[in-house]
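Take a look at the structure set out below.
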Amino acid sequence: MKRAIVIGASSGIGREVARLLLADGWNLGIAARRTELLEELRSECPERVTVASIDVTDDDAPKKLLSLVNEIGGVGLFFYASGIGKQNMPLDEEVEMQTVETNVVGFTRMIDTMFNYMSEHQGGHIAVISSIAGTKGLGAAPSYSATKSFQAKYIEALQQLANMRNLNIRFTDIQPGFVDTALLGDGNKYPLLMRKEDVARQIYNAISKQKGRRIIDWRYRLLTFFWRLIPRWVWVRLKVRPTSISSPREEDLNT
């Protein structure tokens, strides 16, 4: 039986990927902070969906995650779609620290919990949504771009660690650009905007094919290719200010 956990399934990309998993016959454990939205999703297929309220910044989040895993009878796929991101040119300390707490501390706590579980239970697949914002340091959103870079490198390191320990754990790092979700419904125009349904299908395809990393979509793959070619001394002099920064923190933000 195919069993998956989706963290951040209450809206946006997480919700769309959860729907695709259900359509493909998976049993799901879904989690976010607002359970009322999760219950709406569960009502679409109540016999194959289990709901849990989990805030990744809480100390008891790992315990709740393992409880959800046990409740659905194990896990083969762990899909992590939780994080926050804001522009912060005034460098407000609270914004920076909240971003680090969620995107680094919460992320590490949850990914490590699942890595250790899978290392003791015949392996599995861990897929996370980071962001193309981790490609370079963005002056408009310092902690956001830094924490997304952390996530990508952390997953890469865990993949190497799994190989070093001969563990059957696979990884997929999903790096989207701008996605048309509720976060971006503010009247502004965003470049290269993608539909969340299309993004979810590309994510599911990448997971199904066990891709190690997937930048979504081809336009952003081209963009980040050229970003990486820009020398540091040139990059730090550029005025890169995206209209908004998108990232998935459950119901709040969605890449």
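The values are calculated or read from the model by the stated rules, or taken from the named source; none is laboratory data. Everything numeric in this text was worked out from a predicted model, so none of it was measured. So basically every Cβ, Gly included, is an ideal-geometry build from the backbone, and we count neighbours across all protein chains shown. Accessible surface areas use protein heavy atoms only, side chains included; no ligands, DNA or RNA. Shrake-Rupley method; radii C 1.70, N 1.55, O 1.52, S 1.80 Å.
In the set G14, G29, only one residue is of a type outside the set (S, T, Y) and assigned to a helix (DSSP H, G or I); that residue is G14. Exactly one residue out of A31, A61 is of a type outside the set (K, R) and within 23 Å of Y204 (Cα to Cα): that is A31.
Each row is one residue, and each column tells you yes or no for (1) small (G, A, S); (2) assigned to a helix (DSSP H, G or I).
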position	(1), (2)
T50	no, no
T57	no, no
K63	no, yes
L66	no, yes
F79	no, no
G83	yes, no
E94	no, yes
Q98	no, yes
M118	no, yes
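The criterion of being of a type outside the set (D, E, K, R), on the phi < 0 side of the Ramachandran plot and open to solvent by 10 Å² or more (accessible area, probe 1.4 Å) does not hold for I111. Taken over region 10-62, the criterion of being of a type in the set (S, T, Y) and open to solvent by 10 Å² or more (accessible area, probe 1.4 Å) is satisfied by S11, T35, S43, T50, S53, T57. Taking the listed residues A81, A146, A133, A140, the one that is under 27 Å from R219 (Cα atoms), in contact with a strand residue (DSSP E or B) (Cβ under 7 Å, 6 or more places away or on another chain) and crowded, with 17+ Cβ neighbours inside 10 Å is A81, with no other qualifying. Against the list (1) surrounded by fewer than 19 Cβ atoms within 10 Å (Cβ to Cβ); (2) farther than 19 Å from A81 by Cβ, the condition A162 fails is (1).
Of all residues in region 204-220, those satisfying the criterion of being assigned to a helix (DSSP H, G or I) and either under 19 Å from G137 (Cβ atoms) or over 18 Å from the mean Cα position of the chain (by Cα) (or both) are W218, R219, Y220. Of all residues in region 98-123, those that are over 17 Å from the mean Cα position of the chain (by Cα) and touching a residue at least 24 places away in the same chain (Cβ under 8 Å) total 6. Here A127 fulfils each of the conditions (1) closer than 20 Å to R213 by Cβ; (2) in a helix (DSSP H, G or I); (3) at pLDDT 95 or above; (4) within 13 Å of the chain's Cα centre (by Cα) apart from (2).
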